[in-house]
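Below is one structure; the comments refer to it alone.
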Amino acid sequence: MKKILLHAAACTVVALAFPQMSQAAGVTVSFSPNPAVAGQTVRFTWSSRIGSICEIEGVPGITFGRHSGSYSFVASENLSAYVMCEYADRFYTGSSNLTVSNSAPKPVVNVSYSPSTIVSGQATTFSWSSSNATSCSTPAGSGTSGSTVLYPSSSQTTSVTCSGAGGSTTASASVTVQPAGGTPSVSLNVSPTYLYNPGSVTVSWNSTNTTSCDLGGAVSGSINMYRSYTDYIDQTCYGPGGSDTASVLVTVQGTHIPLLPQGIPQTDQDIPQTDLAALGIDLKRPGMFWRRLNLNRDGDKDLIVVDSQRQVAYILLAQNGRYPRINKIVRLVSALSDIKAIHVPANGGPIRVRVER
């Protein structure tokens, strides 16, 4: 075994100063957009709070820059950018990756008529918009988005085709044109109409010669409704020729509308007696019972009168605080408690009264 002796006097120790890498300050690096499509212009941005010059690797067309800046180029492939900025023998770094897709996304097209149901002679606005498209073909004009006011004389469907680097997409919208002056008509279906416990029912409707409806807004459609007590479901639809209401009774087992609250003292102080006298009703006779309630939600208190001796009930709808006529007569009613529900359609249709003895 050989021994090798090193004499200190014969050796020279050289201290080499290597640059220190630091991430404390760091360099912010990004691509926009990211991901990008091949052939798309991408902006490369970098920023360092300190440093006088930065070395850039991985981005075609640029190798050096100041402590912050940006550079645009046409993307063709995936890139991994690395930036190193120097300051006082310290180096600060940052990196970012760019993902480039070889296929452009297909155009997305949105088309609509507003309103989508009109009466002949009325106006509707046809609108279209798109993304990932460079051109669109429409019967109403060119451009990737736009709108126009139309007065169609009949129902129609309009299509818009938009094209771009990713191909073409077609979307359509329809407008329903109803004849002017037609009488509105609505049909209503509810399923189920009997619930053993509170729950949801499906309400579906169709209408003609209408432009809007209370439930859901549209002239036809379907919605779900939660029912916890027995009551009618109304659908009223409107058009230039008036309105129409359809009603379906939904029964929830063991429940009824709390129509007539108990414990309310009767008083005829605010009831116009001359109106009732003209109708042959005298609240002062023995066996007369009544309640005042807002049955049709118009702000006026309507009147329910029961003549227990004659076993008849009268429903009077108020008009500006007066009672001009009897709107409904129900036979074989001997007490207010016999009346479980009163349904007054919004369009002035026939009043329905549910009686249980």
| Among the residues of segment 49-68 satisfying the criterion of being part of a loop (DSSP other than H, G, I, E, B) and touching a residue at least 24 places away in the same chain (Cβ under 8 Å), which is nearest to Ala81 (Cα to Cα)? | Gly58
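Identify all residues within segment 276-287 that are part of a loop (DSSP other than H, G, I, E, B) and farther than 15 Å from Ile329 by Cα; write none if there are none.
Of segment 276-287, the ones part of a loop (DSSP other than H, G, I, E, B) are 279-287.
Once the filter is applied, which keeps residues that are part of a loop (DSSP other than H, G, I, E, B) and farther than 15 Å from Ile329 by Cα, segment 276-287 yields Asp282, Leu283, Lys284, Arg285, Pro286, Gly287.
For residues in segment 99-125 being aliphatic (A, V, I, L, M) and touching a Leu at 6+ places or on another chain (Cβ under 9 Å), which is surrounded by the most Cβ atoms within 10 Å (Cβ to Cβ)? Give the steps one after another, and end with the answer.
Just the residues of segment 99-125 that are aliphatic (A, V, I, L, M), to begin with: 100, 104, 108-109, 111, 118-119, 123.
Filter once more, so that each one left must be touching a Leu at 6+ places or on another chain (Cβ under 9 Å): 100, 123.
On the way: Val100: 18, Ala123: 10.
Among residues in segment 99-125 that are aliphatic (A, V, I, L, M) and touching a Leu at 6+ places or on another chain (Cβ under 9 Å), the one surrounded by the most Cβ atoms within 10 Å (Cβ to Cβ) is Val100.
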| remark: Matching residues in segment 27-59 (surrounded by fewer than 20 Cβ atoms within 10 Å (Cβ to Cβ), among the aliphatic types (A, V, I, L, M) and within 38 Å of the chain's Cα centre (by Cα)) number 2
| query | Looking at segment 224-274, which of its residues are among the small types (Gly, Ala, Ser) and either modelled with pLDDT of 80 or more or at negative phi (or both)? | reply | Ser228, Gly239, Gly241, Gly242, Ser243, Ala246, Ser247
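Hey, which of the strands (runs of 3 or more DSSP E) in segment 142-183, taking only ones fully inside, have at least 3 residues that are within 22 Å of Thr210 (Cα to Cα) and either in contact (Cβ under 8 Å) with a residue 12 or more places away in the chain or more than 25 Å from the chain's Cα centre (by Cα) (or both)?
On the way: elements: 146-150, 156-164, 167-178.
The strands (runs of 3 or more DSSP E) meeting that bar are 156-164, 167-178.
Taking segment 119-141, which residues are of a type outside the set (Val, Ile, Thr) and in a strand (DSSP E or B)?
Pass one, segment 119-141, residues of a type outside the set (Val, Ile, Thr): 120-123, 126-133, 135-137, 139-141.
Listed by number, the residues that qualify are Phe126, Ser127, Trp128, Ser129, Ser130, Ser131, Ser135, Cys136, Ser137, Gly141.
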| message | Of the conditions (1) closer than 26 Å to Asp244 by Cα; (2) among the small types (Gly, Ala, Ser); (3) in a loop (DSSP other than H, G, I, E, B), Ala341 satisfies every one except a single condition; which number is it? | response | (3)
| query | Condition test on Phe91, is it at pLDDT below 90 and in a strand (DSSP E or B)? | reply | yes
| request: Kindly provide the set of residues from segment 288-301 that are closer than 16 Å to Ile329 by Cβ and either in contact with a Phe, Trp or Tyr (Cβ under 8 Å, 6 or more places away or on another chain) or in contact (Cβ under 8 Å) with a residue 24 or more places away in the chain (or both), ordered by number. | output: Phe289, Trp290, Leu295
| note | Note on segment 219-232: residues surrounded by fewer than 18 Cβ atoms within 10 Å (Cβ to Cβ) and part of a loop (DSSP other than H, G, I, E, B) are Ser220, Ser228, Tyr229
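The values are calculated or read from the model by the stated rules, or taken from the named source; none is laboratory data. Computed from a prediction, not measured in an experiment: that's the story for all the values here. Quick reminder, even Gly has a Cβ in these numbers, built from the backbone with ideal geometry, and neighbours come from all protein chains shown.
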